[in-house]
Every structure is written in C-alpha cells, then in structure tokens.
1. Which is open to solvent by 30 Å² or more (accessible area, probe 1.4 Å), free of Cβ contacts under 8 Å to residues at least 40 places away in the same chain and under 17 Å from Arg167 (Cα atoms), of Arg39, Arg12, Arg16, Arg44?
2. Return yes or no: is Pro79 touching a residue at least 24 places away in the same chain (Cβ under 8 Å) and open to solvent by 50 Å² or more (accessible area, probe 1.4 Å)?
3. Would you confirm, using the coordinates I've provided, whether Glu85 is surrounded by 13 or more Cβ atoms within 10 Å (Cβ to Cβ), assigned to a loop (DSSP other than H, G, I, E, B) and more than 13 Å from the chain's Cα centre (by Cα)?
4. Of the numbered conditions (1) crowded, with 22+ Cβ neighbours inside 10 Å; (2) in contact with a His (Cβ under 6 Å, 6 or more places away or on another chain), Ile58 satisfies every one except a single condition; which is it?
5. Of the numbered conditions (1) surrounded by 14 or more Cβ atoms within 10 Å (Cβ to Cβ); (2) at pLDDT 95 or above; (3) not in a loop (DSSP other than H, G, I, E, B), Glu124 satisfies every one except a single condition; which is it?
6. Look at segment 65-121 and say how many of its residues are aromatic (Phe, Trp, Tyr) and on the phi > 0 side of the Ramachandran plot.
7. Inspect all residues belonging to segment 98-108 and state whether any of them is of a type in the set (A, V, I, L, M), closer than 20 Å to Val51 by Cβ and open to solvent by 40 Å² or more (accessible area, probe 1.4 Å).
8. Scan segment 36-54 and tell me whether some residue there is in a helix (DSSP H, G or I) and over 16 Å from the mean Cα position of the chain (by Cα).
Amino acid sequence: MSTDHGVAAPSRWIVRWSHLVPSAGRVLDVACGSGRHARWFVERNHPVTGVDRSQAAINAIAALGPAVRPVHADIEGGPWPLAGETFDAVIVTNYLWRPRLAAIVGAVAPGGVLLYETFAAGNETVGKPSRPDFLLQPGELLTACAGLRVVAYENGFMAAPERFVQRIAAVRPAVDPQENPARHSLGSGPANQ
C-alpha cells in the first residue's frame, strides 16, 4: 500500500459507504494528502474541499481541477479553517487529532454523512502509528458521533497490511426527512446480499 494518498486507491471503507453521500453533494476531505479521495469524489461529480497542512498536498489536489477547493491550513496548530461551513460528506482517513473531532463532526450538514477510518488501540503491537495520541480507543468514534445516526461501525484487526482500525459511517438526521425513519442502504455489494 502506497503512503502517497494521491497514488493509492481510495479506501474500501470510503468507497463502500460513498452511496450515502447525496448526489453532487459537497465533500470535505480532511488531511487530504495528495488527493486519493478528492480524486475519487471529483470523478463522481462532487465538488470537493480538501484541507491539509502540506503545500505539496494542496498543489496536488488543486491540479484536479475547478471542482476542488484547496485549503492550506494546519488544523492542529491553528484555528479550524472552515468555521461555520457544513458539507454533505466529511471524509477522514488515517488521521486523528482529538481536539478537532468536534469540529469535524460539526461540519456534517443535516442529511450529510461522516465517513471516518483511522488507526485504533492495538496498532502499537503491529507497527506505526504506535503512540496513544494517534490511536482511537474502543468506541471512541461512537462517542464522537453521538449526535449522528450510525449506519456502520467497525473496530478490529485487518491482516493485509496488519493494522488495527476503527471506522464509522454516520449520518446527521435531515431537517425535514423524506422518509421516516430514514432508510440508509447497507449497500448492494456481495458482502451485503
């Protein structure tokens, strides 16, 4: 697996749950790297805002075209650069900065989805990251998403490459839902039949 997020394929978790993103919905890619997820969503006609502290990453996603809004910001050392903005989807992979969890969850618009996947406790036994600051504790994403409706959640071990992960697909209830209760499809892939 490449560490250059622009070259690597998008996360299978993000792809699996991307059907929850409203058609042509605005996507926020947090700590976007070189744009593997930004590219995937732009190819599916979503405008994407990508935020990263690396100028090289920002240059890479800017090259994806006019559907991408690059935001160069250090979200760990500076203010949240998207205060007051909400998005139809917020995507986070392989990134954790606990002081920003509330802002990240808060950026999900009514009817929007949070797709989050990162390393979890236990990863210190198989590789990096290994510092507790960068590893989610059991149930931590569930707690962070208390105001959202959880569609899918996993916390466990993956073999190739070896890593412990925690991931969630959670939807903020719509202001005026078309369906009551909302029907969030679990997908149509082979694993869901």
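The values are calculated or read from the model by the stated rules, or taken from the named source; none is laboratory data. Values in this document were obtained by computation on a predicted structure and should not be read as measured data. Virtual Cβ from ideal backbone geometry, glycine too; neighbours counted across all protein chains shown. Side chains included, ligands, DNA and RNA excluded: accessible areas come from the protein's heavy atoms. Shrake-Rupley method; radii C 1.70, N 1.55, O 1.52, S 1.80 Å.
1. Exactly one residue qualifies, and that residue is Arg12.
2. Judged against the criteria, Pro79 is not a match.
3. Answer is yes for this residue.
4. For Ile58, the failing item is (1).
5. (2)
6. Residues that pass the stated criteria total 0.
7. yes
8. No, because not a single residue in segment 36-54 is in a helix (DSSP H, G or I) and over 16 Å from the mean Cα position of the chain (by Cα).
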